[in-house]
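Contents: one structure, followed by commentary.
The values are calculated or read from the model by the stated rules, or taken from the named source; none is laboratory data. What you see is a predicted model, and the numbers here were worked out from it, not measured in a lab. Please note: Cβ atoms are built from the backbone with ideal geometry, for glycine as well, and neighbour counts cover all protein chains shown.
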Amino acid sequence: MRSNFRTLRNQAGPGCEVAGVVKAGAYGMGAPRIAAALAAAGCRTFFVATPDEGEVVRLAVPDAFVYVLAGGAALPAESGLVPVLNHPGDSERRRTAAAAAGQALAAAVHVDTGMNRLGYEATDWRDFCAEPARRSGLDVSIVMSHLAVAEIPGHPLNAEQLARFEAAREQAPFAARASLANSSGIWLPAAFRFDMARAGAALFGINPTPAHPNPMTAVARLVGQIQQVRSVDRGEGVGYGHTWVSPNARRIATVSAGYADGYPRHLGNTGRVAIGGHIAPVVGRISMDLVTVDVSGVPDPVAQPGAVVDLLGPLVPVDDVAAHGGTIGYEILARLGSRVPRLYVD
């Protein structure tokens, strides 16, 4: 993970700070340990989704800047958290908090440039920038926006969003810095990088350049164990609903993982796992606690009870697992279950 941070920082260049997005428990990896490790590698700014997430990260990295992407407008100064303001109502709540504190309070401001999800709309943004009273009591450190299709470099919306953000930035000389690029945006031309890029998924090994080889290193390895191996004959079904029926005599291994651990149910009959360097297909439905795998192509001495099975790992990277499940790597990592122990290798 620290290597990924260095790769992102090198790609961003010396004029662009790389902030770590550690929302959703650092994409399922465990926010306290991940934030602390990134801070040790030189990361000084973090973004989270909610105030509760911010409190967790604040304790782990007390000397860092921690920004809350939504819902933090009324946070008191003593929280040590900086809210991102997304609309006039947020700004009003922040001004009220500043008046109650008797001091200016830090904030970032998000302007929408085409995502149509969060952020000031164009008219409200013009008013916010033009009327100082709307910023009374606000110490605006960053003006930011978010790219919608940065992973597709040639998409025309990228250029449109860049132009809109440049215009929005010109209206906001009161903001110390600007931030537009996400993980994939770091690989767009330098004009997209501004003062800060917000790296999330790429830190955890998800490919920010899907049309090209992954420049990042895998971070997560999710393992289970074979609990039992059995033989099934032609015509026998496996698992709930018998959605997979054996075409001939096969060997089936039952593995200690399931959708309660975050291994998606959609991977039934489509997923792949790795056992001792061999790839084996998932067969039948994913159960809450168990996965069934066709190990007919795995040598008998390898596919034995107690053998370690990679559900995510070097031979089954997160982006491939996601593709087999009809989703994205973000969801695979973020949904890893709370009962899965996190073991950190330094």
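Scanning the range 8-58 for residues that are of a type in the set (Ser, Thr, Tyr) and surrounded by fewer than 18 Cβ atoms within 10 Å (Cβ to Cβ) yields a single hit, Thr50.
When the residues of the range 287-327 are filtered to those that are within 19 Å of the chain's Cα centre (by Cα) and free of Cβ contacts under 8 Å to residues at least 12 places away in the same chain, the one that is surrounded by the most Cβ atoms within 10 Å (Cβ to Cβ) is Ala322.
For the range 173-197, the set of residues classified as buried (at least 18 other Cβ atoms within 10 Å of the Cβ), out of contact with any Pro (no Cβ under 8 Å at 6 or more places or on another chain) and hydrophobic (A, V, I, L, M, F, W, C) consists of Ala175, Ala178, Leu180, Ala181, Phe192, Phe194, Met196, Ala197, listed by residue number. Considering only the range 224-243, state which residues are farther than 15 Å from Ala303 by Cβ and surrounded by fewer than 20 Cβ atoms within 10 Å (Cβ to Cβ). Scanning the range 224-243 gives Asp233, Arg234, Gly235, Glu236, Gly237, Tyr240, Gly241, His242, Thr243.
Listed here are the residues, each with its yes/no results for (1) closer than 30 Å to Gly258 by Cβ; (2) assigned by TED's automatic domain parsing to the domain that holds Arg44; (3) not acidic (Asp, Glu); (4) not in a strand (DSSP E or B).
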{"position": "Gly154", "(1), (2), (3), (4)": "no, yes, yes, yes"}
{"position": "Glu166", "(1), (2), (3), (4)": "no, yes, no, yes"}
{"position": "Arg169", "(1), (2), (3), (4)": "no, yes, yes, yes"}
{"position": "Ala178", "(1), (2), (3), (4)": "no, yes, yes, no"}
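Of the numbered conditions (1) free of Cβ contacts under 8 Å to residues at least 40 places away in the same chain; (2) not in a loop (DSSP other than H, G, I, E, B), His212 satisfies every one except a single condition; which is it? It fails just one condition, (2).
Of all residues in the range 118-130, those satisfying the criterion of being outside any strand (DSSP E or B) and either touching a strand residue (DSSP E or B) at 6+ places or on another chain (Cβ under 7 Å) or among the polar types (S, T, N, Q) (or both) are Leu118, Gly119, Thr123, Trp125, Phe128. Residues that are in the same structural domain as His324 (by TED's automatic domain parsing) and among the hydroxyl-bearing types (Ser, Thr, Tyr): does the range 266-278 have at least one? Checking the range 266-278: at least one residue is in the same structural domain as His324 (by TED's automatic domain parsing) and among the hydroxyl-bearing types (Ser, Thr, Tyr). Each residue in the range 131-151 was checked for being in a loop (DSSP other than H, G, I, E, B) and loosely packed, with under 15 Cβ neighbours inside 10 Å, and 2 of them qualify. Assess whether Phe5 counts as being crowded, with 19+ Cβ neighbours inside 10 Å, touching a strand residue (DSSP E or B) at 6+ places or on another chain (Cβ under 6 Å) and of a type in the set (Phe, Trp, Tyr). For Phe5, the condition - crowded, with 19+ Cβ neighbours inside 10 Å, touching a strand residue (DSSP E or B) at 6+ places or on another chain (Cβ under 6 Å) and of a type in the set (Phe, Trp, Tyr) - is not met.
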